[in-house]
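Here the structure comes first, spelled out in structure tokens, and everything after it is commentary.
Here, each number is a calculation from the coordinates, and none is a lab measurement. Predicted, not measured: the structure shown is a model, and the values here were computed from it. Positions of Cβ are backbone-derived with ideal geometry, glycine not excepted, and every protein chain shown enters the neighbour counts.
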């Protein structure tokens, strides 16, 4: 299970430095300007911060899909959208932030995982997945978006 560590965080920030705000994705509707705020918002969500996202999961997503998705063994599919219990697509997670704030929140996350003090938030589809599974999911999620913009 790949984990978000300092080397991975530095590699991510290095890749993102070359992303233009008007970059066109290989798939999906996200723009280059949308990506870093989305990643900051995802990090905040994993740390139980920011606007809570309603839980849209079920037994299947928590017990079968979640463990597969957080294993890092299967890439995140293109154009996947989180849905709520009613089946409506959730708004894209985002928070104010730039590369410096992304670097800061990744460092805070990594330090919390290492110290065993990180309090995690609930994933909107997979439920309470804990620090290690969030860490692995961050790697898969960020790699997904780096590939989306041709940065990986």
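May I ask for the distance between the Cα centers of the range 64-95 and the range 117-152, given as a whole number of Å?
10 Å
Can you give the extra length, in nm with one decimal, that the chain gains between residue 144 and residue 49 once fully stretched, where that is 0.36 nm per residue apart less the Cα-Cα distance?
Details: separation 95, 0.36 × 95 = 34.20 nm, distance 2.27 nm.
Answer, rounded to one decimal: 31.9 nm.
For residue 10 and residue 81, calculate 0.36 nm times their separation in residues minus their Cα-Cα distance, and state this gained length in nm to one decimal.
The residue 10-residue 81 span can extend by a further 22.8 nm.
Report the residue, chosen from 80, 12, 129, that carries the largest GNM mean-square fluctuation when the chain is represented by alpha-carbon nodes joined by springs under 10 Å.
Among 80, 12, 129, the largest mean-square fluctuation in the Gaussian network model of the chain belongs to 80.
If you build a Gaussian network model of the chain, linking Cα atoms that sit under 10 Å apart, which residue out of 28, 127, 41 swings the most?
28
Pick from 14, 136, 29: which residue has the top mean-square fluctuation in a GNM of the chain where Cα pairs under 10 Å get a spring?
Looking only at 14, 136, 29, the largest GNM fluctuation is found for 29.
For the chain, what is the relative contact order in percent, using Cα pairs closer than 8 Å and at least 6 residues apart in sequence?
With pairs under 8 Å counted, the relative contact order is 41 percent.
Efficiency by 1/(1 + (r/R0)^6): what FRET value for residue 117 and residue 24, r their Cβ-Cβ distance, R0 = 35 Å, to the nearest 0.05?
It comes to 0.30.
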